[in-house]
Amino acid sequence: MTAPTHPTRGYTASKDQLLARLRRIEGQVRGIEKMVEDDRYCIDVLTQISAIQAALDKVGLGLLDGHARHCMHEGAVEGRADEMATEMMAAVGRLMKRG
């Protein structure tokens, strides 16, 4: 009996880097929580929120890049190119929505 295999994702090769970046963002969010607890100046808190949003955008773009290069390629090989393109464009639309 063979062990179950996990699917290969577009981010598999850089998974450790991705997890490290997400942990750093998590720490930044905790930092904002402390800033609010400490009654820090509003603009300072907003500046940190902006930095976190930029970091998350960078993570999202990296995931989209991996998806386009890996997952969509596999989908095309399987004959699902149109479905994969529609799915990716929906994801791009969600990432672009702000405010």
Short version: ³J(HN,Hα) in whole Hz for each residue of region 48-62, in order, from phi by Karplus 6.51 cos²θ - 1.76 cosθ + 1.60 (θ = phi - 60°), x for Gly and Pro, what are they? 5, 4, 4, 5, 5, 4, 5, 5, 5, 4, 5, 4, x, 5, x
Give, in nm to one decimal, the length gained when the segment between Tyr41 and Asp82 is fully stretched (0.36 nm per residue of separation minus the Cα-Cα distance). 9.9 nm
Provide Met35, Met89, Met72 in ascending order of the number of other Cβ atoms located within 10 Å of each residue's Cβ, fewest first. Met89, Met35, Met72
Going by the alpha-carbon gyration tensor, a ≥ b ≥ c the square roots of its eigenvalues, is the chain rounded (a/c under 1.5) or, if a/c is not under 1.5, prolate (a/b greater than b/c) versus oblate? oblate
Filtered hits (lysines, Cα-Cα < 18 Å from Lys15, offset >= 8 within chain) -> Lys58
Search the structure for amide H atoms under 5 Å from the amide H of Arg40, placed 1.01 Å from N in the peptide plane, and list their residues when 5 or more places away or on another chain. none
Averaging sequence separations of C-alpha pairs under 8 Å and six or more residues apart, then dividing by the length of the chain, give the relative contact order as a whole percent. 34 percent
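A short reminder: the numbers here are calculations on the coordinates, not readings from a lab. Everything quoted here is computed from the prediction, not taken from an experiment. Positions of Cβ are backbone-derived with ideal geometry, glycine not excepted, and every protein chain shown enters the neighbour counts.
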